[in-house]
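K.L.:
Below is the structure I would like to discuss, written out as structure tokens.
Just so you know, all these numbers are worked out from the coordinates, no wet-lab data involved. Only a predicted model underlies this, so the values are computations on that prediction, with no experimental measurement involved. Neighbour counts run over all protein chains shown; Cβ positions are idealised from the backbone, glycine included.
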Amino acid sequence: MTIIKHALTGHDISDTQLDPSIQALTLSDIRTPDAPLVYVNRGFEKMTGYERGEVIGRNCRFLQGPDTSSDAVAQMRAAIAGGAPLIVDVFNYRKNGTPFWNRLSLTPVKDPSGRATHYIGIQSDITRMRYLQERLHSIALDFATAEKHVLG
């Protein structure tokens, strides 16, 4: 039986099955009001600082904060409402308040009739990558400005 099937049928999932994953994995039940988490792996605990017992039964919005983009949130809501997959970068917050960039991949799990019942979330901390992209952009602008002054 697959890990997802275990979760969907209410069986406990052994973390040893998902521990090799570097990624943070979540499973939410969108049939239930507020789409609560029904499973998170240790990668999620490590990335966010939240323990499983603190988050099971809650919506993932506890990761959002003052600088979380309302556009990213709207994209997530629209994808879930439409039963569609989505990859979006979201500015989230760890339990200790530290912000991080989260590349979130949402994939619907559908029942035999094709209706989405759950969502699998695969999350990656891309904070360092975003920082390096911003630095590279800044360096490119500095270079272009210097080149303009030298060449006139």
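K.L.:
Tabulate in residue order the Karplus-calculated ³J(HN,Hα) for region 46-60, using 6.51 cos²θ - 1.76 cosθ + 1.60 with θ = phi - 60°, rounded to whole Hz; enter x for Gly and Pro.
P.N.:
Working through the residues one at a time gives 5, 5, 9, x, 8, 8, 3, x, 7, 10, 4, x, 10, 6, 5 Hz.
K.L.:
Follow-up question, since we're still on this one. Quick one: which of 91-101, 116-126, 67-77 comes out on top by average Cβ neighbours within 10 Å, and what's the full order, highest first?
P.N.:
Most protected by this proxy first, the peptides run 116-126, 91-101, 67-77.
K.L.:
How many nm is it between the label spots at K110 and V150, if each spot is 7 Å from the Cα in line with the beta carbon?
P.N.:
So the label points at K110 and V150 sit 5.6 nm apart.
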